[in-house]
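Undergrad: Before I ask anything, here is the structure I am working with.
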Amino acid sequence: KIGTPHTTGVTGHEAWAGTTGEVILSVSASGDYAAEKGNLLGVRPGQPARVVARGFKFNHVGVSRCGRYFCADDYQGACKIVVGSMRTGKTAVVCESRTSMSRAQNTHAHPYLTPDLKWVIFNSDRGGSPHVHAASVPEGIIEGLG
């Protein structure tokens with residue numbers, strides 16, 4: 001079960017994890033789900049939620065087509081774009097979106113991985129107005145996640 005009273009409140013950001021039958025989602029990063037404990041969860045019907053990754057205040061999330069990796073924004077500071085393994089929980093920062101994260105949805109990063117796992121696509125208004133950006137995933141990052 002996800003959401004109050006079972007977890008902190010859901011953020012409203014979730015994605016299917018390929019053909020795994022699992023959904024990955026973020027909950028409010030506080031209390032038992034603070035960044036260091038993990039607010040990025042994986043859920044399957046009839047099973048308890050599991051922490052997918054820790055160390056960031058995850059918000060928007062996307063999952064690779066293969067269902068093995070995720071891409072999410074760290075909703076604080078420079079709004080880092082993070083990739084990680086659904087299996088190991090290892091993460092790596094690809095870049096900083098430097099978006100303002102204002103009330104307007106087009107200032108939220110909404111990151112995702114391209115099908116070939118070589119790029120992350122995200123929104124940012126770092127130049128003054130919202131644009132779609134692409135950042136290459138450095139060679140070896142995906143393999144290093146396990």
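The values are calculated or read from the model by the stated rules, or taken from the named source; none is laboratory data. These figures come from a predicted structure and were not determined experimentally. Backbone-built Cβ (ideal geometry, glycine too); neighbour counts: all protein chains shown. Surface areas here come from the heavy atoms of the whole protein model, side chains and all, with no ligands, DNA or RNA. Shrake-Rupley method; radii C 1.70, N 1.55, O 1.52, S 1.80 Å.
Undergrad: Among (1) in contact (Cβ under 8 Å) with a residue 12 or more places away in the chain; (2) surrounded by fewer than 18 Cβ atoms within 10 Å (Cβ to Cβ), where does Pro5 come up short?
TA: (1)
Undergrad: I've got another one for you. Take the residues in the range 113-139 that are open to solvent by less than 40 Å² (accessible area, probe 1.4 Å) and part of a loop (DSSP other than H, G, I, E, B), then tell me which one is nearest to Val82 (Cα to Cα). Break it down into steps so the answer makes sense when it comes.
TA: Narrowing the range 113-139 to residues open to solvent by less than 40 Å² (accessible area, probe 1.4 Å): 113-114, 117, 120-125, 135, 137.
Going one step further and asking which of them are part of a loop (DSSP other than H, G, I, E, B), we end up with 114, 117, 125, 137.
Details: Thr114: 14, Leu117: 13, Asp125: 18, Val137: 10 Å.
The selected residue is Val137.
Undergrad: Within the group Val137, Val120, which residue is within 20 Å of Glu14 (Cα to Cα) and of a type in the set (A, V, I, L, M)?
TA: Among Val137, Val120, only Val120 is within 20 Å of Glu14 (Cα to Cα) and of a type in the set (A, V, I, L, M).
Undergrad: Right, something else. Find all pairs meeting these conditions: Cβ atoms under 8 angstrom apart; at least six residues apart or on different chains; first residue within the range 91-118 and more than 17 Å from Lys57 (Cβ to Cβ); second residue part of a helix (DSSP H, G or I).
TA: From the range 91-118, the pairs are Leu117/Ile142.
Undergrad: Right, here's the next one. When only residues in the range 85-99 that are assigned to a loop (DSSP other than H, G, I, E, B) and on the phi < 0 side of the Ramachandran plot count, which is surrounded by the most Cβ atoms within 10 Å (Cβ to Cβ)?
TA: Ser97
Undergrad: Related question: Please identify the pairs in which a residue from the range 22-34 that is modelled with pLDDT of 95 or more has its Cβ atom under 8 Å from the Cβ atom of a residue that is open to solvent by 30 Å² or more (accessible area, probe 1.4 Å) and in a helix (DSSP H, G or I), counting only partners at least 6 apart or on another chain.
TA: Val27/Tyr33
Undergrad: Of the residues in the range 9-24, how many are acidic (Asp, Glu) and either closer than 12 Å to Met86 by Cα or open to solvent by less than 40 Å² (accessible area, probe 1.4 Å) (or both)?
TA: Adding up the residues that qualify gives 1.
Undergrad: Taking the range 103-112, which residues are farther than 15 Å from Arg68 by Cα and open to solvent by 50 Å² or more (accessible area, probe 1.4 Å)?
TA: Scanning the range 103-112 gives Arg103, Gln105, Asn106, His110.
Undergrad: Let me ask another. Can you give me the number of residues within the range 62-73 that are within 15 Å of His13 (Cβ to Cβ) and surrounded by fewer than 24 Cβ atoms within 10 Å (Cβ to Cβ)?
TA: Looking only at that region, the number is 1.
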